[in-house]
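The values are calculated or read from the model by the stated rules, or taken from the named source; none is laboratory data. What you see is a predicted model; the values in this text were computed from it and never measured. Glycine gets a Cβ as well: all are built from the backbone with ideal geometry, and neighbour counts include every protein chain shown. Heavy atoms of the whole protein, side chains included, go into the accessibility calculation; ligands, DNA and RNA do not. Shrake-Rupley method; radii C 1.70, N 1.55, O 1.52, S 1.80 Å.
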Amino acid sequence: MSGLREKKKQQTRERIATAAVKLLASVGEANATVAKIAERAEISPRTFHNYSPRREEAFCFFFENLVRRWIMEITNAPAEEQPIDLLKRLALTHASLPDDDPYSAKSIIRLIDYMSGSVEQDLIEPGRRLFQQLGDALFERTNGELGYVDAHVLATFAFFSGGIALQMNKIAPYQEVLQSIFTIFDQGVWQEKE
């Protein structure tokens, strides 16, 4: 019976986290209150507090799941897929989702912006550890062919590339800018013309 109970708790925690990120992305940080998150997750504020004492834990839980998804993708990607292509594929997958999807590039960027500027210190360190794990996964996947520091830079760069593309979407469509970012990162700015 405890397996079913744990599964229901996990589902409720995921519903809360998804509702929190959807609200953050759609109405902003000030309006993503515990009461509104609970309402969107179809639970009471009291139930919300049974799962986390503050909304930041819900944001962090979502972020943890997102990074774990990326780690699984990195780990399970075809061996012949180059690291830059793998990370570009992941970024473009998020870019192709509708803006109201919690895993869309827009939602993720809003979440990262909020977390990097507003989250209490006790929640920043777990975020750093997650980026460490992401870089480690990329390094291990390449069996050391990609240097340790390079793997971490590339993994972090891929995660934040969406924010750069979003800032530049007045110049060109988001996905086009994202493609350009990865091309420049992969090939450099000054390519020789054939």
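Things to note:
- Per this entry, ALA19 is counted among residues that are part of a helix (DSSP H, G or I), under 27 Å from TYR174 (Cα atoms), open to solvent by less than 80 Å² (accessible area, probe 1.4 Å) and free of Cβ contacts under 8 Å to residues at least 60 places away in the same chain.
- With respect to the conditions (1) surrounded by fewer than 15 Cβ atoms within 10 Å (Cβ to Cβ); (2) free of Cβ contacts under 8 Å to residues at least 12 places away in the same chain, GLN132 lacks only one, and its number is (2).
- In the range 24-43, of all residues being of a type in the set (Gly, Ala, Ser), farther than 22 Å from ILE124 by Cβ and in contact with a helix residue (DSSP H, G or I) (Cβ under 6 Å, 6 or more places away or on another chain), the one that is most open to solvent (accessible area, probe 1.4 Å) corresponds to ALA35.
- Conditions (1) open to solvent by less than 10 Å² (accessible area, probe 1.4 Å); (2) touching a residue at least 24 places away in the same chain (Cβ under 8 Å); (3) not polar (S, T, N, Q): number failed by ARG13: (1)
- Looking only at the range 44-65, and only at residues there that are small (Gly, Ala, Ser) and either in a helix (DSSP H, G or I) or over 19 Å from TYR114 (Cβ atoms) (or both), the one that is most open to solvent (accessible area, probe 1.4 Å): SER44
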